[in-house]
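> Once you've had a glance at the structure underneath, I'll fire off some questions.
The values are calculated or read from the model by the stated rules, or taken from the named source; none is laboratory data. Model, not experiment: these values are computed from the prediction. Here the Cβ is made from the backbone with ideal geometry for all residues, glycine too, and neighbour counts use every protein chain on show.
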Amino acid sequence: MTDRIVSWHTRPSKPCFVAPPGAVDAHCHVFGPLARFPFGAKAKYLPADATSEMLFALRDRLGFSRNVIVQASCHGTDNTATLDAIARSEGRARGVAVVDPAISEGELAALHEGGIRAVRFNFLKRLVDDAPRDAFLELAHRLPRGWHVAIYFEADILDELRSFIAAIPAPVVVDHMGRPDVTQGPDGADMRAFRRLLESRADVWFKPTCPDRLDPTGFPWNAFAEAVAPLVADYPDRCIWGTDWPHPNMQDNVPDDGRLVDMIPRIAPTRELQHKLLVANPERLYWSD
Ligand code: 0GY
């Protein structure tokens with residue numbers, strides 16, 4: 001395998017923003033190492049190794065305390081790389097798994113034991129071949145107590161997904177806010193549509209993450225800050241934040257993680273909001289047992 005992508009900044013800056021004690025980077029991934037954890041047969045990208053050691057070093061550099069490791073699509077439904085990283089974290093990581101919907105109760109219990117607290121339903125066609133809605137719903141009815149569903153979709157299919165999301169019998173956390181066009185502004189069509197989803201049930205959460213993916217105006221990501229800050233202000237108890245390291249697929253414009261952290265006070269300007277976003281909210285979802 002030759003063209004394995006390095007999608008992360010190799011020398012991220014030290015952020016100016018000081019995260020509160022206990023802060024959680026609640027959306028990040030590990031890749032490999034390939035020698036121990038091969039990628040899935042259907043992987044749509046082949047990244048270089050981004051190991052738990054690298055992730056924990058970044059956590060410390062950024063001034064964070066904990067991680068939520070989201071199983072990346074390149075590892076398919078084999079969660080061993082994610083579980084290994086959680087096991088090495090000394091209690092400072094939890095995870096989100098991607099599973100075959102036919103998974104047994106025993107296997108779900110083993111994932112819980114390994115620190116998993118959610119399953120991810122990925123609807124991005126460039127990342128997965130299919131997203132079987134009926135099977136996802138059947139699985140959602142069998143999740144261990146306290147788990148939620150992380151869902152990843154793009155803004156253009158939100159309307160089509162509304163009835164599916166409404167039927168999920170567990171809290172729902174929307175990755176990267178369902179990728180709205182932030183250049184439309186805080187009152188643009190995409191943000192209005194996303195707010196309707198948040199209004200539709202009180203247990204839909206979101207990640208106000210990925211200015212690097214969502215803001216085509218580029219650093220300092222002013223369009224992102226302008227569109228997203230009002231959402232965090234209006235739903236302060238339903239948001240969690242993450243770096244998205246190692247930024248799967250980001251071959252161009254790889255973000256500096258220190259700069260991503262320095263976006264936090266621009267979307268959550270008070271210490272109270274920052275504590276909710278980085279500590280209290282992720283604790284409720286991932287460390288309540
Ligand atoms: C993200 C975004 C992406 C990739 C994945 O599982 C994945 O491969 O999530 C993406 O390419 O937009 O949240 O990490």
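> Only one of L139, L108, L143 is more than 16 Å from the ligand (Cβ to nearest atom), touching a Lys or Arg at 6+ places or on another chain (Cβ under 8 Å) and among the aliphatic types (A, V, I, L, M). Can you tell me which? Spell out how you get there, then give the answer.
Details: L139 fails: touching a Lys or Arg at 6+ places or on another chain (Cβ under 8 Å); L143 fails: touching a Lys or Arg at 6+ places or on another chain (Cβ under 8 Å).
Step by step, each of L139, L108, L143 is checked, and only L108 is more than 16 Å from the ligand (Cβ to nearest atom), touching a Lys or Arg at 6+ places or on another chain (Cβ under 8 Å) and among the aliphatic types (A, V, I, L, M).
> Okay, next question. Which pairs do you get when a residue that is within 16 Å of V254 (Cα to Cα) and touching a residue at least 24 places away in the same chain (Cβ under 8 Å), found in segment 44-60, comes within reach of a residue that is of a type in the set (D, E, K, R) and assigned to a helix (DSSP H, G or I), reach meaning Cβ atoms under 8 angstrom, with the pair 6+ apart or on two chains?
L58/D257
> For A97, state whether it is touching a Leu at 6+ places or on another chain (Cβ under 6 Å) and within 15 Å of the ligand (Cβ to nearest atom). Show your work before the answer.
Details: touching a Leu at 6+ places or on another chain (Cβ under 6 Å): yes; within 15 Å of the ligand (Cβ to nearest atom): yes.
In short, yes.
Per-residue answers, yes or no, for (1) within 12 Å of the ligand (Cβ to nearest atom); (2) of a type in the set (A, V, I, L, M, F, W, C); (3) touching a His at 6+ places or on another chain (Cβ under 7 Å):
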site: I103; (1), (2), (3): no, yes, no
site: H112; (1), (2), (3): no, no, no
site: A135; (1), (2), (3): no, yes, no
site: H176; (1), (2), (3): yes, no, no
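> What pairs come up if the first residue lies in segment 18-29 and is farther than 14 Å from L285 by Cα, the second is within 16 Å of the ligand (Cβ to nearest atom) and in a loop (DSSP other than H, G, I, E, B), and their beta carbons are under 6 Å apart, counting only those six or more places apart or on different chains?
Filtered contacts from segment 18-29: C28/G242; C28/T243; C28/W245; H29/A72.
> Report, by residue number, each residue of segment 229-271 that is within 16 Å of the ligand (Cβ to nearest atom) and of a type in the set (V, I, T).
I240, T243, V254
Residue by residue, here is whether (1) surrounded by 16 or more Cβ atoms within 10 Å (Cβ to Cβ); (2) at pLDDT 95 or above; (3) more than 15 Å from A26 (Cα to Cα) holds:
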position: P248; (1), (2), (3): yes, yes, yes
position: D252; (1), (2), (3): no, no, yes
position: L260; (1), (2), (3): yes, yes, no
position: I264; (1), (2), (3): yes, yes, no
position: A268; (1), (2), (3): yes, yes, yes
position: R271; (1), (2), (3): no, yes, yes
position: K276; (1), (2), (3): yes, yes, no
position: A280; (1), (2), (3): yes, yes, no
position: D289; (1), (2), (3): no, no, yes
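> Looking at the structure I just gave you, is A202 more than 16 Å from the ligand (Cβ to nearest atom), outside any helix (DSSP H, G or I) and more than 18 Å from the chain's Cα centre (by Cα)? Spell out the reasoning first.
On the way: more than 16 Å from the ligand (Cβ to nearest atom): yes; outside any helix (DSSP H, G or I): yes; more than 18 Å from the chain's Cα centre (by Cα): yes.
Taking the combined requirement at face value, the residue satisfies it.
> What pairs come up if the first residue lies in segment 245-261 and is more than 20 Å from R66 (Cα to Cα) and assigned to a loop (DSSP other than H, G, I, E, B), the second is of a type in the set (V, I, T) and within 13 Å of the ligand (Cβ to nearest atom), and their beta carbons are under 7 Å apart, counting only those six or more places apart or on different chains?
From residues that are more than 20 Å from R66 (Cα to Cα) and assigned to a loop (DSSP other than H, G, I, E, B), the pairs are Q251/I5.
> Of everything in segment 150-198, what is of a type in the set (D, E) and in a helix (DSSP H, G or I)? Give them in sequence order. Can you show your working first?
So the first thing to find is which residues in segment 150-198 are of a type in the set (D, E), and the list is 154, 156, 159-160, 175, 181, 187, 190.
Result: D156, D159, E160, D175, D190.
> I need the full set of residues from segment 61-77 which are within 12 Å of the chain's Cα centre (by Cα) and either more than 11 Å from R120 (Cα to Cα) or more than 16 Å from the ligand (Cβ to nearest atom) (or both), in order please.
N67, V68, I69
> Any idea which of F153, F164, F194 is within 22 Å of T243 (Cβ to Cβ), crowded, with 16+ Cβ neighbours inside 10 Å and more than 14 Å from the ligand (Cβ to nearest atom)?
F194
> Inside segment 10-41, can you point out the residues that are assigned to a loop (DSSP other than H, G, I, E, B), crowded, with 16+ Cβ neighbours inside 10 Å and within 15 Å of the ligand (Cβ to nearest atom)?
Answer for segment 10-41, where residues must be assigned to a loop (DSSP other than H, G, I, E, B), crowded, with 16+ Cβ neighbours inside 10 Å and within 15 Å of the ligand (Cβ to nearest atom): H29, V30, G32, F37, F39.
> May I pose another question? Give all pairs with beta carbons closer than 6 Å in which a residue from segment 124-137 that is over 17 Å from Q71 (Cβ atoms) meets a residue that is within 15 Å of the ligand (Cβ to nearest atom) and assigned to a helix (DSSP H, G or I); count only pairs at least 6 apart in sequence or on separate chains.
none
> Same structure again: In segment 205-231, what count of residues is obtained for those that are touching a residue at least 40 places away in the same chain (Cβ under 8 Å) and part of a helix (DSSP H, G or I)?
Summing the residues that are touching a residue at least 40 places away in the same chain (Cβ under 8 Å) and part of a helix (DSSP H, G or I) in segment 205-231 gives 11.
> If W147 satisfies all but one of (1) over 22 Å from A189 (Cα atoms); (2) surrounded by fewer than 18 Cβ atoms within 10 Å (Cβ to Cβ), what's the number of the condition it fails?
The one condition W147 does not meet is (2).
> In segment 51-79, what count of residues is obtained for those that are over 21 Å from H176 (Cα atoms) and among the hydrophobic types (A, V, I, L, M, F, W, C)?
3
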